[in-house]
Amino acid sequence: MTISTLHKPFALLVSILCLWLVFSGCDSALPSDTITLRVATWASAEEFELEERMAERFMELHPEIKVEHESIPSGYREKILAAYAAGTVPDVFLLDSPIIPALMNRDLLVDLKPYEAQTGIQEEAYFPSVRAVFTRGEELLAFPKDFTPLLVYYNRTLLREAGLSDPDPDWTWDDFLTYAKALTKDTDNDSAPDQFGTAFDNKLYLWQPWIWSNGGDIFSQDSLFTTEILTSPQTEEAFQFLADLRNKHGVAPPLVSVGNSRGGAVQGTVGMFYGGRLGMMVSGRWAYVRMRQYLEDGDLDVRVAPLPTPVGGQKSNVIYAAGWSVAKTSKNLDWAIKLAAFLSSEEAQLIRAQSPIGIPSLRNVAAIQAEQDPFGIEAVFMREAEFGRQSWGTKVDAFSRIEYILESAFDRTLVGGEPISLVLQEARIEMDAQMARSAEASSDFAPLKGDSHIMGFLYWGALLVLFGVAASIWSTRRPYRSDVKTGFAFLTPSFIVLFVFVLIPLVFSLYLSFHQWDIISSSKPFVGLSNFKTLWGDSQFWHAVRNTLIYTLHVPISMAISLGIALLLQKNVRGAALWRLIFFLPSVSSMVAIAMVWQWIYHPEFGLANYTLRLMGIPAGTWLTDPNTALISVMIVNIWISVGYQMIIFLAGLKGIPGTYYDAARVDGANKWHQFWHITLPLLRPTTLFILVTSIISSFQVFTLVFIMTEGGPLDATEVVVHHIYRNAYDFLQMGYASAMAWVLFVMVAFITWIQFRASRNRVTYS
Amino acid sequence: MKRKNSFSWLGTVFMAFLAFTMLIPFLWMVSTSLMSEVEVYQFPPRLFPSDPQWSNYSNALTLLPFGRFFLNSIIVTSFAVLGQLFTCSMAAYAFARLRFRGRDSLFALFMSTMMVPSIVTLIPAYLIIAAFGWMNTFWALITPILTSVWGIFLLRQFFQTIPVAYEEAARLEGASDWTIYWRVILPLSKPALATLAVFAFMNTWKDFLWPLLVTSQNDMRTVEVGIAMFSSLQGTNWPFQMAAAVVVLLPILLLFLATQRYFIDGISLSGLKS
C-alpha cells in the first residue's frame, strides 16, 4: 500500500507536513547584510521608551548596526533560560541577581575586563561594592548598570502623630522596636490593631543584612558551606528579633499576601505602607520609583533611614545590582561588546538619571541624581552603598533552593511557632546537602552547542507515525480498510498540530526525566531512574500530591452549584442573557484582579468575609494566614471562578435534550424532581462526564491561582504539584527532575480519568 | 408551551447574592482603572473613585502600541477560533460517529496530551519553534493553537448525543462521511460549536506565557502581554494596568453577548421527527 492510494485530503496534508519539515529547517541560517544586535531588558511600559532611546542613539552613532530592543518586564528569567536552551540568546542582556551565578559558573558570559576601556570609565569611577558583584577573580562579567541597598522607609505623618521625631541614622534595633511599638495602634477601637509599626515579608533578600549586622551569616565566607555560622547565637538572635516583631510584640501584621510582594500587591506590605497603615517598611530603591510621584504630589510624606544596627553590632547592608552582559554565543561579539559598553557609559547613565529607575553605578552620576532629589532619599541610598556587601544570591549556584529552604524554615517559626534554634539546625543539614550536590554537578558543564536534539525527535517521530499509519491500514482486512482510512483522514488535521507541538514535547519531557538538565547548558547527562528514585523519597513532593488531591475535592461541589444555576438560567427568565454574562465574568476577568479582590475579602482585619461573619456573630476566620484554612480558602476561590465556565457547558448540554421527553413525562404526571432525576441527569451524562474529566484534569494542574495568591504558603499548606514542578524547573534549574514529577502526575491523572470513563460506560450500558 | 418568566422569590435572592460576588472583581477592575495611583492603596479599599481619572484610559493605551497589540490579538484569535472549529469538529466526528480499528486508543492518546502540565512541555515546544526559525512570527503564535484536545472532547460528547437516525437517513440517500459531517452533524451542533468558539476565543485572547516566550518585539505582541508590561520589579501601575485590562476584556464580553443566544435558540432536536 502506498501513500498515493490513500484518500486525497489525507495524502495532501501528509505531503504538506513533509515539505514543511524539510523547508523549515533551512531558512533559519539566512545571511543578512546589516548586523542586527538584540538587547534584552526588563523595562516596563514607563521605562521602555528610555531604553528605546538608548538603542536609537547607538544606531545614530553606528548606522551599520540595527539594535532590536526586547523588553521582558515579567517572566524575564524563564525567557532567558528558554533562550539559552534554544540557542537564541540575545547578544546583550541585563543580568539580574538570581541568574548571575548560574550563567557565571557555566562560563557563558564574555569577560569584559579587556574592553573596559571602551566604556571610557576608570575602575574607580564605580561604587566598588557594585562592580564587585560582577567580578569573578580577574574577570568582569557585566558592565554595572545600577544597584540598590536596603533602607527603612518611614511615613512621617504617622511618626508625627505618634510624637516621634525622624530616626537617628545610627539608630539601634532597640530604637527600631520602640518606634514600631509606638506606631502600632488600634484606630477603630475593636481591640485588634489596624495600624502597624512595620511589616516583615518572609523573604531572604530582605533580612540578609539584618543577620550580618549582628555578626551572623548564612554561609561561612570561605567554604560556601553553612558550618557553625548558621546556627551561631548571633544568627539565631537576628532571626529571633525579626520573628518577635510579629510573634511577641505584635508590631507587624500577619502575612496576608505572600505572592507579588515585590510587585507591590495592594494588600501587601507596599500597599499597606501607601495606604498609611504601616509606619516603617524595609525596601530597596525600586520602591522609590513609584513613590516619588506621590511625594511630589504631596499625597505622602515619606523619608528614609539606614537599616538599624544592634548594640555592639556592625553596620551592614547588601547590594543588589544589574549589569549589561554579553553572551558568548553572540555572532557579532565586537559589536555586542561595543553596545554593552555604550549602554553603561557615562552618557547613557546621565540620560537615565533624568528619569531615574535605579541608582547609577557611577558615583558621579549617582551624585548628580542625588542632588536633583528634593527629598534627600537618593543621598541616603548613596551613603549606604559604602556598607554594601555582595548578596549570597550572586555567588551561590541555584540560590533559589537555599532561599526556599531558609524561608520555609523561618516560616516554621513565624507561623508555626517552633523554636528558631531547632529549625536552623534542620535547615543547616538540608542546605549543606544541597551545596554538596551542586558542587558535584557544577564540575562538568559541557560547552554550549545550541543543539537541543529536538529536531531528531521530530523526524524520527514523524517517520514512526507514517509507518504506524501505513501498517495499521495495511493490516486491516479489506472490507474495513476504507473505515480506517476515513477515520485517519478526519483525524489528520488535528493530529499534525498535536504531534508537532504537544506529543513531541511530551516525548521530549519523558526523555528529560531520565536525564539531568539545567535548561542552560546543552549537556544532559543520562541518570537512569535516579530522578524517580529521588522523587520516591521526596516528602515535599508527596505533600504537594496530598494537597492536590484535597484540592480536587472542590470539583463536585462547583459542579453541583453550576448545574443548579444552569437549570435556573436555561428557561427564558427575564434578563437571562445578563445573568449568564455576570456568572461568566470571573472566568474572563484578569486573574491578578481576582487575586487582589480575594486577598482583600480574606483580609483578617478589614476583609469582607470576616466582616460578614462578625455581623452574624460567628467568630472571624483566619483564611489564607493559617496553614489549616489556607487550602480551603484557595478552593473556595476556584469554585467561584469555575462555576461560570461549567454553567456555560451545562447550558449547551441542556439545550441538546429534546423537549418532547419532558412533554411525555408531564403527560405521565411526573413532578419536577422526577423529571430532573429520570430525564435531565441521564441525558446530560455526556456533558457531566466532560465537565468532570476536564475539571479534574485542570484541578490536578492548578498553578496560576496558587502562584499569585500564596506561592504555596503558609508552611507549604497550599503547595500543589504543578507549583512544585515550576519551582524545581525554573527556580532550582532541575528540568530533568521536574519532568519526572510531571510524568508521575501524568500517570495519576491518566488513571483517575480512565476510572471516570469506565464508570460512565458501565452506567450507560445499564440505562 | 408557556414558560415561567421569573425566578421564585428565594431563587432571586440566591442568584442576586451570587451574582454580586461575581461582579466584585470586575467592579474593582473598573473602579481601579479610574483612580489615581495613591487612591488605589486606600485601606480599606474604596469601591468608587472619588474623582474619576478618565485620562488613565487614553494614557495607558498610548504609552504602549496597544493598537498593534489589538491587531495581533485579533489576527491570532481569528485563526485559532476558525482552526479549532474546523480541526476539532473533524476529529470529534471521527471519535463520536465513525467506527474503525484503533479509534479508542487514538482517543486515549489525544486525551493524554491534556494531562501533562504545560510548564514542562513549554521549553520543548519553544525549542521546536526556534528550530523552525519561527521566533517572533505569527506562525509561532498561531500554529500550536490550531487545534485543542479540550475542544475535540467537548464536541465528541455533543456529537454522541445526536440520534443515529439522522445519519442513517442521509446514508440511505448515498451521502458520504464528509457530507454527513458537513450537512448533518455540524448544523445540529450549533450550541456546542458556539461554546467552543467562545472558549477558543477566550483562551487565545487571554493567553500570556506562550506569546511572551515566542515574541520579542512589540510588533508581534498580543494584548495580554501588553497588560503585563505595566508591572515590573519597581511595582505595578494599577490604574493603567486595569484600564488596559478593562478595554481588553470588552471584546470577550461582546462576543459572549453576541453568541450566547445560540445556547438558548440553537436548533432544538425536539423540533425534528426521529
Check on B:Arg261, under 24 Å from B:Ala96 (Cα atoms), basic (Lys, Arg) and without any contact (Cβ under 8 Å) to a residue 60 or more places away in the chain | no
What do you reckon, is A:Leu689 within 14 Å of chain B (Cβ to nearest Cβ), open to solvent by less than 50 Å² (accessible area, probe 1.4 Å) and either farther than 30 Å from A:Glu403 by Cα or touching an Asp or Glu at 6+ places or on another chain (Cβ under 8 Å) (or both)?
-> yes
Counting only residues that are within 30 Å of B:Thr121 (Cβ to Cβ), give me the helices (runs of 4 or more DSSP H) lying completely in the range A:82-180 with at least 2 of them.
-> A:100-105
Could you grab me the full set of residues in the range A:532-556 that are surrounded by 14 or more Cβ atoms within 10 Å (Cβ to Cβ), closer than 30 Å to B:Thr12 by Cα and either out of contact with any Ser or Thr (no Cβ under 6 Å at 6 or more places or on another chain) or free of Cβ contacts under 8 Å to residues at least 60 places away in the same chain (or both)?
-> A:His554
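For (1) at pLDDT below 85; (2) within 11 Å of chain B (Cβ to nearest Cβ), each residue gets a yes or a no:
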| site | (1), (2) |
| --- | --- |
| A:Pro31 | yes, no |
| A:Ile35 | no, no |
| A:Glu51 | no, no |
| A:Phe58 | no, no |
| A:Pro73 | yes, yes |
| A:Asp91 | no, no |
Residue match in the range B:216-236 (condition: open to solvent by less than 20 Å² (accessible area, probe 1.4 Å), among the β-branched types (Val, Ile, Thr) and part of a loop (DSSP other than H, G, I, E, B)) | yes
Can you tell me which of A:Leu585, A:Leu568, A:Leu563 is over 30 Å from A:Asp190 (Cα atoms), assigned by TED's automatic domain parsing to the domain that holds A:Thr680 and free of Cβ contacts under 8 Å to residues at least 24 places away in the same chain?
-> A:Leu568
What residue, among those in the range A:644-656 that are at the interface with chain B (Cβ under 8 Å from one of its Cβ atoms) and open to solvent by less than 30 Å² (accessible area, probe 1.4 Å), is farthest from A:Met591 (Cα to Cα)?
-> A:Gly656
Inside the range A:97-127, can you point out the residues that are open to solvent by 40 Å² or more (accessible area, probe 1.4 Å) and closer than 23 Å to A:Tyr320 by Cβ?
-> A:Pro98, A:Asn105, A:Asp111, A:Lys113, A:Glu123, A:Glu124
Index of the failed condition, A:Ser261 passing every other in (1) part of a helix (DSSP H, G or I); (2) at pLDDT below 80 = (1)
May I ask you to verify whether A:Arg574 is open to solvent by 30 Å² or more (accessible area, probe 1.4 Å), part of a helix (DSSP H, G or I) and among the basic types (Lys, Arg)?
-> no
Kindly indicate which of B:Ala92, B:Ala170, B:Ala165, B:Ala108 is in contact (Cβ under 8 Å) with a residue 12 or more places away in the chain and under 25 Å from the mean Cα position of the chain (by Cα).
-> B:Ala92
Examine the range B:118-135 for a residue that is under 29 Å from A:Leu684 (Cα atoms) and either open to solvent by less than 30 Å² (accessible area, probe 1.4 Å) or touching a residue at least 40 places away in the same chain (Cβ under 8 Å) (or both), and state whether such a residue exists.
-> no
(1) more than 30 Å from A:Asn105 (Cβ to Cβ); (2) open to solvent by less than 20 Å² (accessible area, probe 1.4 Å); (3) part of a helix (DSSP H, G or I) all hold for A:Thr476 apart from (3)
Could you list, in sequence order, all residues of the range A:285-333 that are within 11 Å of chain B (Cβ to nearest Cβ), touching a residue at least 40 places away in the same chain (Cβ under 8 Å) and of a type in the set (Lys, Arg)?
-> A:Arg285, A:Arg292
Taking A:Arg401 as the residue in question, decide whether it is at pLDDT below 90 and surrounded by fewer than 23 Cβ atoms within 10 Å (Cβ to Cβ).
-> yes
Hey, among the residues in the range A:654-666 that are of a type outside the set (Ser, Thr, Tyr) and in a helix (DSSP H, G or I), which one's nearest to A:Ser562 (Cα to Cα)?
-> A:Leu654
Look at B:Leu212 and say whether it is open to solvent by 10 Å² or more (accessible area, probe 1.4 Å) and either modelled with pLDDT of 85 or more or facing another protein chain (nearest Cβ under 10 Å) (or both).
-> no
Assess whether A:Gln734 counts as being among the polar types (S, T, N, Q), within 8 Å of chain B (Cβ to nearest Cβ) and open to solvent by 30 Å² or more (accessible area, probe 1.4 Å).
-> no
Can you tell me which of A:Glu407, A:Glu386, A:Glu403 is charged (D, E, K, R) and more than 21 Å from the chain's Cα centre (by Cα)?
-> A:Glu386
Of all residues in the range B:40-89 being in contact with a Gly (Cβ under 8 Å, 6 or more places away or on another chain) and free of Cβ contacts under 8 Å to residues at least 40 places away in the same chain, the one that is nearest to B:Leu212 (Cα to Cα) = B:Tyr41
Scan (1) within 8 Å of chain A (Cβ to nearest Cβ); (2) outside any loop (DSSP other than H, G, I, E, B); (3) basic (Lys, Arg) for the single condition B:Arg99 breaks and write down its number.
-> (2)
Identify, by number, the condition in (1) open to solvent by 20 Å² or more (accessible area, probe 1.4 Å); (2) in a loop (DSSP other than H, G, I, E, B) that A:Phe751 doesn't meet.
-> (2)
All-but-one check, A:Gly669 against (1) assigned to a loop (DSSP other than H, G, I, E, B); (2) buried (at least 21 other Cβ atoms within 10 Å of the Cβ); (3) over 25 Å from the mean Cα position of the chain (by Cα), failing number (2)
What number of residues within the range A:622-643 are open to solvent by less than 20 Å² (accessible area, probe 1.4 Å) and over 30 Å from A:Ala566 (Cα atoms)?
-> 1
Options A:Val289, A:Val266; residue that is under 20 Å from A:Ser44 (Cα atoms), modelled with pLDDT of 85 or more, out of contact with any Leu (no Cβ under 6 Å at 6 or more places or on another chain) and in the same structural domain as A:Asp194 (by TED's automatic domain parsing) = A:Val289
Every listed condition ((1) at the interface with chain B (Cβ under 9 Å from one of its Cβ atoms); (2) open to solvent by 10 Å² or more (accessible area, probe 1.4 Å); (3) hydrophobic (A, V, I, L, M, F, W, C); (4) more than 19 Å from B:Thr147 (Cβ to Cβ)) holds for A:Val484 save (2)
Taking the stated definitions as given, is B:Ile180 part of a helix (DSSP H, G or I), more than 7 Å from chain A (Cβ to nearest Cβ), surrounded by 18 or more Cβ atoms within 10 Å (Cβ to Cβ) and not basic (Lys, Arg)?
-> yes
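The values are calculated or read from the model by the stated rules, or taken from the named source; none is laboratory data. Keep in mind the model is a prediction, meaning the values are calculated, not measured. All Cβ positions, glycine included, derive from the backbone under ideal geometry; neighbour counts span all protein chains shown. Only protein heavy atoms, including side chains, enter the accessible area calculation; ligands, DNA and RNA are left aside. Shrake-Rupley method; radii C 1.70, N 1.55, O 1.52, S 1.80 Å.
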